[in-house]
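Where a number appears in this text, it was derived from the coordinates with a stated rule and is not lab data. Source: prediction; values computed, not measured. Every residue, glycine as well, gets a Cβ built from its backbone with ideal geometry; the counts of neighbours run over all protein chains shown.
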Amino acid sequence: MELTLRAQGLKKRFKERQALAGLNLSLEQGKIYGLIGHNGAGKTTLIRILCGLLRPDEGEAHMLGWRVPSFRIQSQLGYMPQEIALYPDLTVMQNLEFFGDLYDLPKEQVRERASSLFEIVRLQEQRHQVVGTLSGGMQRRVSLCVSLLHKPRMIFLDEPTVGVDTKLRRAIWEHLEQLASADVTIFVTTHLMEEATRCHKIGLLYQGQLLTEGTPQELLTRTGAKTLEEAFTIIEDQGVSPR
Amino acid sequence: MKSWAVAKNVFRRVGKDPRTLALIIFTPLLFILMYGYSFAGSPKHLKVIIVNEDNGLASVRTEQVGRITIELKLADKFVNALNHETLEIIKSANFDYAQKQVKIGQAWAALSFPKNFSHALINAALRMTGPKEITHEGQTIRVLPSEGNENPLAVVYLDDGNPFIMPTLLQELSQAFSNLLAEQQGALKPVNLLEIHSVYNNKITALDYTAPGVIGFALTLITIMLTVISIVRERTSGTLTRLLIAPVRPWEASAGYMLAFALIALFQAAELLLVSYYLFHIHFVGNPAWIALIIFVYTIGLQGVATLLSTLARNEFQAVQYILVILIPSIMMSGVFWPLEAMPPQIQPIAWLSPLTYANSALREVMLRGRELSDITMQLGVLAGFALLMLILSVQSMRRQAYSA
């Protein structure tokens, strides 16, 4: 088992609020890790620290062999933030071309890659449409394409399928599973239990700490719950990790 | 009543935002104080080089003792009569040198008194006023105008590149001549005594003079607005996060912004110059390449200021507030509309803290006076230093933006 990411003792405080309280995390290569937690549990803070956008007050993280933040890993990192994070006045293709330039991707490669991504997220028709005129769900799909454009080895997805219909969500998850089988490591935050069950491993973040971790089946067995939602409620009520 | 509810809500929100409250209370004060302090003064310490060859002697005819020579030293008296607060007098022996100093902007005027100035002036006065009684060696004698027609002219060479300064200079010189003539009981008009030459033949009007400053001001306003709002928008929309997660170094992102907005500023400068030149016939004698260079270097610095401001601003509205706070002093105090020389001395050092002052000065030197690159090295040097410092600080702030995005 090869680790893509290893974080130890991550702490981060914003004024009165302790966003992360000594968090440890390991991500295995080629696995999908799902992070579940309420709003304000610290999910986005954790992603921002791991991506090198935020410095932790304490603790450290290593990713793809380098201590975070490191310029050396940036080209291998994919990140889809919660917000749309696209240029609304540019077309879908122009957005992709711009980010392709930042990753030094040749124009031809961007075009090919965009075509295959558009097929997965069903955006072929909209490729020349201005992003601002697309629906929220479509914009999120474009955002996902931008995050995957440069074939990153480690991908962070912050609520990637909000506003995306069930059928398309399945298609996106199938693609994520394909990526994982090609040794890409995926870290995803979600509110949807349907998505959580598709992860190889899930963790429950509660008040800046990982309350529990395991495969979906392990969590169900440990808590004796029928659904993951029920399992998380039990774990949160206990307030301590049952592992 | 619903309107009242809307209005009340506006007041409630303003009351909760200290920045907006400060903007409402202090911006008008800032405007009027700056205006009062910056535009209150009149020009002071204007350098004037005096080449005094007057031997001070006058040969006059008298009724009683024939022709006598009296020592009047009228040129010295003239110099003493000048207002030494407004004019800073520098003495020189060489009028060519003095004129050259005026031409290169080191002095506002050069004034030359010929050798026979005292002699010619007193005789010219006598010719106009008729015989006059004077005390000579304890004896009252009557002096008569001489028959000659010697020219009493003092020659003035003026820098008329600044229409706000020139009237002050002329007025000071005329006043001193009037005082001198009143003392000699003459009735000559001062203009008769002065032969005036100027560097630009009175071609520079107030419109010409303010044009470079207004161009600098317009570019400052537009560039800072555009940059701050673009960066704040990049940050709030999340694209800045994507940009900084990509293998892009903060300096590359900063430099990209600087390049884009400096090129936009160049385009705008060309627009402004073409309209001023062809529509308003603004005096323009300089090399456009130097203008482009000044604007390029200056706007690069402005990007830095804008990037720093965007770090402070959480949203577009706050950005506008910061822009106002930075822009008002720099516009009021950088000599756009009022010459720095006319500002109160305690305000002047503040004016020289604003990069716009250097940009204005350099633009004016090139546009109005046709100065070369070697003549504006000081201004360009300061602007380049400002640009470099701002580049470094803006890279730092880009890093911070990444962490706080």
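Could you work out how much longer the chain between residue B:3 and residue B:260 gets when fully extended? Use 0.36 nm per residue separation minus the Cα distance between them, nm to one decimal.
Additional length available on full extension: 88.1 nm.
Among B:256, A:190, B:89, whose Cα projects farthest towards the positive end of the dipole of the protein assembly as shown, with charges put on the beta-carbon of Lys, Arg (+1) and Asp, Glu (-1)?
A:190
Relative to the longest principal axis of the C-alpha atoms of chain A, give the angle of the C-alpha long axis of helix A:228-238, reported between 0 and 90° and rounded to the nearest 10°.
40
To the nearest 0.05, how large is the calculated FRET efficiency for residue B:324 and residue B:76 if R₀ is 56 Å and r is the Cβ-Cβ distance?
Between residue B:324 and residue B:76 the formula returns 0.55.
When the helices in chain A are scored as -39500 (n - 2.57) per DSSP H run of 4 or longer and the sum is shared across all residues, what 222 nm value do you end up with, to the nearest 500 deg cm²/dmol?
That comes out to -10500 deg cm²/dmol.
Show me B:240-246, B:274-280, B:221-227, A:22-28 ranked by packing, highest mean number of other Cβ atoms within 10 Å first.
Going by the mean number of other Cβ atoms within 10 Å, highest first, we get B:240-246, B:221-227, A:22-28, B:274-280.
Would you mind checking the pairs A:15/B:8; A:167/A:201; A:151/A:226 and listing those with alpha carbons more than 28 angstrom apart?
In this structure, A:15/B:8; A:151/A:226 exceed 28 Å between Cα atoms.
When you look at the Cβ of every residue in B:234-244, what mean number of other chain Cβ atoms sits within 10 Å?
6
Roughly how tilted is helix B:117-129, in degrees to the nearest 10 and between 0 and 90, from the longest Cα axis of chain B?
With rounding to tens, the tilt is 70 degrees.
In degrees from 0 to 90, rounded to the nearest 10, what is the angle of the helix B:166-183 Cα long axis to the longest principal axis of chain B?
Value to nearest ten degrees: 20.
With n ≥ 4 as the cut-off for DSSP H runs, can you work out [θ] at 222 nm for chain B, using -39500 (n - 2.57) per run divided by the number of residues, rounded to the nearest 500?
Result for chain B: -20000 deg cm²/dmol, rounded to the nearest 500.
Which whole-number percent is the relative contact order of segment B:46-198 (Cα, under 8 Å, 6+ apart)?
29
Less than 14 Å Cβ to Cβ from residue A:81, Lys/Arg counted +1 and Asp/Glu -1: what total charge do the surrounding residues give?
Around residue A:81, the charge tally is +1.
What FRET efficiency, computed as 1/(1 + (r/R0)^6) with R0 = 56 Å and r the Cβ-Cβ distance, is obtained for residue B:139 and residue B:281, rounded to the nearest 0.05?
Result of the calculation: an efficiency of 0.30.
Relative contact order for segment B:205-404: what is it in percent, counting Cα pairs under 8 Å that are at least 6 residues apart?
36
Rg(Cα) of chain A divided by 2.2 N^0.38 Å?
Working it through for chain A, the quotient is 1.01.
Ranked from highest to lowest mean number of other Cβ atoms within 10 Å per residue, what is the order of the peptides B:154-164, B:8-18, B:287-297?
Descending mean neighbour count gives B:154-164, B:287-297, B:8-18.
Would you kindly state how much longer the chain becomes between residue B:84 and residue B:202 on full extension, computed as 0.36 nm times their sequence separation minus their alpha carbon distance, in nm to one decimal?
Full-extension gain reported as 40.0 nm.
Compute from the Cα atoms of chain B the Rg and the Dmax, the latter being the longest Cα-Cα distance, and quote both in angstrom.
Reported Rg and Dmax, both Å: 29.4, 102.
In segment A:168-207, whose amide N lies under 16 Å from the spot 7 Å out along Cα-to-Cβ of residue A:234? List them in ranges.
A:204
What percent does the relative contact order of chain A come to when contacts are Cα pairs within less than 8 Å and at least six residues apart?
26
Just checking the output field for B:158-165: average partner chain Cβ neighbours within 10 Å of each residue's Cβ?
Taking the mean over all residues of the peptide, I get 0.
Taking the Cα centre of chain B as the origin, how large is its charge dipole in debye, to the nearest 20, when only Lys and Arg (+1) and Asp and Glu (-1) carry charge on their Cβ atoms?
Its charge dipole is roughly 2020 debye.
Over the protein assembly as shown, one equal point on each Cα, no solvent: what is log10 I(q)/I(0) by the Debye formula at q = 0.09, 0.12 Å⁻¹?
Log10 I(q)/I(0), no solvent term: -0.87, -1.20.
What distance in nm separates the two pseudo spin-label positions at residue B:292 and residue A:151, each 7 Å out from Cα along the beta-carbon direction?
Each label point lies 7 Å from its Cα, and together they span 4.3 nm.
So which lysines pass the test for residue B:77, namely a Cα distance under 23 Å, with those fewer than 8 places away in the same chain ruled out?
B:44, B:47, B:91, B:115, B:132, B:189
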